[in-house]
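The values are calculated or read from the model by the stated rules, or taken from the named source; none is laboratory data. In this text the structure is predicted, and so the values were computed from the model without any measurement. All Cβ positions, even for glycine, are placed from backbone atoms using ideal geometry, and neighbour counts span all protein chains on display.
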Amino acid sequence: MITQGLELKVEKHSSHINRGIDLLAQLKVQPPAALGNYRWTPDLIISTYYQAMTGEIPPKDLNYKTGLSNGGFDRLHFDFAEKNIDHSTVDERSFDLSIDLNRKSSGKKIKISQPTYGGGMSFGSISLNFMVARAMAAQQLNTFTCTGEGGYPEDLLPYKDNVITQVATGLFGVREETIRNSPIIEFKYAQGAKPGLGGHLLADKVTTQVAKMRDSMAFSSLFSPSPFHSVYSVEDHKKHVDWIKITNPTALISVKVSTPKDVEMVAIGSYFAGANIIHIDGAFGGTGAAPEIAKKNIAMPIEYAIPKVHKYLEREGVRDDITLIASGGIRTAYDVAKAIALGADGAVIGTAENIAIGCTHCGNCERGRGCQIGIATADPELGYYRPVDWAATRIVNLYQAWKKQYRIILAGLGLKSISELRGRTDLLFYGGNGNE
Amino acid sequence: MGCTLCEISNCFLRVKFLCSLLIKQGVILEKEEYVCLSESKPEIAETRTKYQRFKIKTEHAPPRRPKPFPFYPKVGKMGLFKTLLKETLAYNFKLLKEEYRSVLLSRPCIYGVFSGPVGGFAPRRELCTGCLRCVQEFPDFCTVERNPEFNKFADSYWQAKDPTKESTSPYLLIVNEAENGKIPVKGMGYKGSFADQGWDTIWTDMSEIVRPTRDGIYGREYISTETFIGGRDIVSSFQTLTHQKIRRHLKLTVPIIFDFLPPQISNKIVIESIAKASKEVGTYFTATADQVTQVRSEFLQNQILHISTREDLERKIMADAVEIDLGSILGLKPFEEEVAGIYRTENWLEAMKIAEMAKDLYPNSVLIFKLPLTESARTKVVELVKSVQIDGVHLYADYHGQTFADDFEFQEFIKDSLRRVHECLIQEGKRDQISIIASGGIILAEHVPKAMICGADIIAINTTALVALQMKFKGECRNPYDSGIHLDGFSTQWGKQRLVNLLAAWHYQLLEVLSAMGMRDVRRLRGDIGRAIFKEEIEMEAFGEIKGFRTTGGKKF
């Protein structure tokens, strides 16, 4: 229940913030010197605001393609046959950007219209408004979003055909009906930002509503175990899959794992245990809260893991029977295309959606009331700062701008579908940092 | 029935024997250690009741001088005044109502930057977290800059590499850990550069399914960080086991000790704080006899006696453990380029003689020899281990992690040299004969497991302790003799607590890494390169086929 005073406050701050983000996006004000970092540079943040505002490709004076991390995607570039293609000259209908999420001969066929879907962000780690906006956008884009491990709020039900239910190690909010609701069930074994450590939701964000959804105690920190304490082998994992299949026989199974040294073994094991999607989440992925030591130092970046898994699945002769999805540090349309060129079928996006609705990548999601503008928060007041329709429109716009970039990339490489790009490392070259 | 009871009884005895065996071999280390099977055998049940989970007690130890803060919010006073005036006029008489007044006064910062008595007219900059909400709300007159003072607290190894892109630094991390003893936790993903150099080019592995826990819940094993300094003899048969004398060793609760800090960068208060912290945590510190003259004897049980002159060596001071700086005794200035010359034939022969002499002078002490890390250190360490039964070797790089080089060698980062020494000792079958202590450039919690993966058993910290105590840097501090650190006073109680907190935070972080790797014992980590991902190797595997990779060699542009 929102009181008049709260409504006035929300209106004041929300309208100011939205106006400010638009001014920054149009470069009508000087971006603050404190904005950005190596991975999310000021240019990337501002250009993401721009794309979310307009649905268009950003102006050329902004580097909207790469960051400045001096490695991985930031030093991989496409070796275009044709450069400087203008999107207005591209025939949209002649490019196929869709990907299949079930490549097996059996089971329900699910195709999404773009090579990305939304990553798991749980209720409690993000606001309900943002969660609903992501689902609304996914529906409009014919793709998916994911609940994360904090349960399935009722507000998501109108979009249930586009929502993936995540079953993570804490089993927070996992119920039979939420499994029945979803066309895809994602098992989360690990997360790239904190591989092998389980989820963290610090006490301040475990509000009464969050605790109720998770069947836990309010204002008490929640740490998911690491890993599933009922899984010690691939065979045990198969039992989990069977359990899901009993509850929802038509659901596709996605297995989200991190990127250990033997990630290819984990992938093949997951395939033989019945997974339709193997989702590898690299070391530089986003999170609502994680120990700093885990983000930087445990498990490999996604750029290394993708070719490793792709080649191994090819050698085992099962590559065309499974969908390989990459995530963890994929920030732009160009990153998505590079991930596909390295061997993935598609990507899962998290942080870019946050940025689209005003996130500055400041990293204050975990503390106190959470995000100051109501994205990664469980605070009842801040949660209203991002209006659902406004946020959904911006996420849709961002992906529309990305689709234009995919078409330009495909046209420049002489390809007609995003699937043709898969594993084409011959179309990449290793060069300078960012735009150098 | 009788037979069944006999079987149970035999089975119990076998289990009991096996447990004792494992404890003796150091596979299991309990609070109480049993020296020999021939001694009285305590009951397992008794041991169980004595078992206590190891935990370092932390306590808030506030900073004694302001911490560096990375952000510098600026508010245009005229813009702020106009906005307030505009809002006041817009609300007008509605301001008689409480809810409108609260709306007018509600500020665009949830971290309190504008919570001072005059709000945005005098922002409290030290509270700024760089969230930029103020800029998003009022981009016309608010901005947040990077604090130009942020990097002035320490030298280049401790600073943010590029303060225009980074909002944290090793210095700030350690100062915070020493304050609260907690694991630093933040939202959002990694923000740094990809993997430029040094320790950043190593990632530790993780396991998707096999994993003990940090807290022992869900019926899984606890993780032990207990380790020891000293060699182990390989036991090849049960017959010899019961009669074999166990080599003397030092037991540590964490694989971290405090390095020797010469008088140039330490004083009585520093040494006393370190001594007290070592005792409380259950680890060791290195200091000379002169440095501890004023420290109460109860805190000296955890001292490793540092010897760097021939006179001190011949004083034969009673000590559980002795660290002998061979280079210094030979008159080679430690941390300087010339110290690499210790491995030249004429110097090395002399060094070996000193080592032999030390063995005779300190027959009951754990003997550690301190040597500089150079390219040729690996063969010399093997030679030393083969000739003199030593317990440990302390291999040091400079405070920025660079090894030493003379005319015929090159400098490199500590991790590579360390790895080569470890591998060389394995090839010669001598690795378990000694413990390797490593120091130099190991300044953050994440460096500890990485150095251990490269072959170290124990890490010795030096400048980290001083940063925890908020010492000031005066320019670069690559070694302790250039006096790049300014000493000042504080209470030893405060100093002790800061160091205890630091070790607690590192202990917890070590548990996180071990937990992710699925390891229940820190000693398993030593030299386990199979559980690490090295940038050079993985990048070649992943990008080797990509045009331009081999020609640029993946080098930084």
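Quick notes on this structure:
- Cβ separations smaller than 8 Å between residues 6+ apart or across chains give the following pairs from region B:177-191 residues that are more than 7 Å from chain A (Cβ to nearest Cβ) to residues that are aromatic (F, W, Y) and surrounded by 24 or more Cβ atoms within 10 Å (Cβ to Cβ): B:E177/B:W506.
- Residues within region A:87-112 that are in contact (Cβ under 8 Å) with a residue 12 or more places away in the chain, part of a loop (DSSP other than H, G, I, E, B) and over 25 Å from A:I325 (Cβ atoms), tallied: 1
- Residue within region A:160-169 that is in a loop (DSSP other than H, G, I, E, B) and within 22 Å of A:A376 (Cβ to Cβ) present: yes
- Any hit, region B:475-489, residues being more than 13 Å from chain A (Cβ to nearest Cβ), in a helix (DSSP H, G or I) and basic (K, R): no
- Qualifying residue in region A:44-54 (condition: of a type outside the set (F, W, Y), surrounded by fewer than 18 Cβ atoms within 10 Å (Cβ to Cβ), more than 8 Å from chain B (Cβ to nearest Cβ) and closer than 30 Å to A:Y384 by Cα): yes
- Taking the criterion of being in a helix (DSSP H, G or I), surrounded by 19 or more Cβ atoms within 10 Å (Cβ to Cβ) and either away from every other protein chain (no Cβ under 11 Å) or of a type outside the set (A, V, I, L, M, F, W, C) (or both), the residues of region A:414-436 that qualify are A:I418, A:L421, A:T425.
- Being surrounded by fewer than 23 Cβ atoms within 10 Å (Cβ to Cβ) and on the phi > 0 side of the Ramachandran plot is a property that B:G401 lacks.
- Any chance B:E537 is surrounded by fewer than 23 Cβ atoms within 10 Å (Cβ to Cβ), within 14 Å of another protein chain (Cβ to nearest Cβ) and among the acidic types (D, E): yes
- Unique residue being without any contact (Cβ under 8 Å) to a residue 60 or more places away in the chain and within 28 Å of A:R175 (Cβ to Cβ) when the list is A:S327, A:S258, A:S270, A:S254: A:S270
- Test: B:C454 is of a type in the set (A, V, I, L, M, F, W, C), modelled with pLDDT under 95 and crowded, with 24+ Cβ neighbours inside 10 Å: no
- Among the residues of region A:171-185, the ones that are surrounded by fewer than 23 Cβ atoms within 10 Å (Cβ to Cβ) and either under 18 Å from the mean Cα position of the chain (by Cα) or in a loop (DSSP other than H, G, I, E, B) (or both) come to 4 in all.
- Condition check for B:P163: within 14 Å of chain A (Cβ to nearest Cβ), in contact (Cβ under 8 Å) with a residue 40 or more places away in the chain, touching a helix residue (DSSP H, G or I) at 6+ places or on another chain (Cβ under 7 Å) and under 30 Å from B:H507 (Cα atoms): yes
- Residue ID - surrounded by the most Cβ atoms within 10 Å (Cβ to Cβ), chosen from residues in region B:87-143 that are of a type in the set (D, E) and assigned to a helix (DSSP H, G or I): B:E137
- Qualifying residue in region A:75-94 (condition: of a type in the set (F, W, Y) and more than 10 Å from chain B (Cβ to nearest Cβ)): yes
- Residue match in region B:299-320 (condition: touching a residue at least 12 places away in the same chain (Cβ under 8 Å), among the small types (G, A, S), crowded, with 18+ Cβ neighbours inside 10 Å and not in a loop (DSSP other than H, G, I, E, B)): no
- If only residues of region B:50-81 that are in a helix (DSSP H, G or I) and more than 14 Å from every other protein chain (Cβ to nearest Cβ) are counted, the one that is surrounded by the fewest Cβ atoms within 10 Å (Cβ to Cβ) is B:M78.
- Qualifying positions in region A:249-288 - at the interface with another protein chain (Cβ under 9 Å from one of its Cβ atoms), buried (at least 24 other Cβ atoms within 10 Å of the Cβ) and part of a loop (DSSP other than H, G, I, E, B): A:S258, A:T259, A:P260, A:A283, A:F284, A:G285, A:G286, A:T287, A:G288
- Selection count where residues are on the phi > 0 side of the Ramachandran plot and buried (at least 18 other Cβ atoms within 10 Å of the Cβ), scope region B:481-527: 2
- When B:G530, B:G544 are screened for being surrounded by fewer than 20 Cβ atoms within 10 Å (Cβ to Cβ), touching a Lys or Arg at 6+ places or on another chain (Cβ under 9 Å) and more than 28 Å from B:E226 (Cβ to Cβ), only B:G544 passes.
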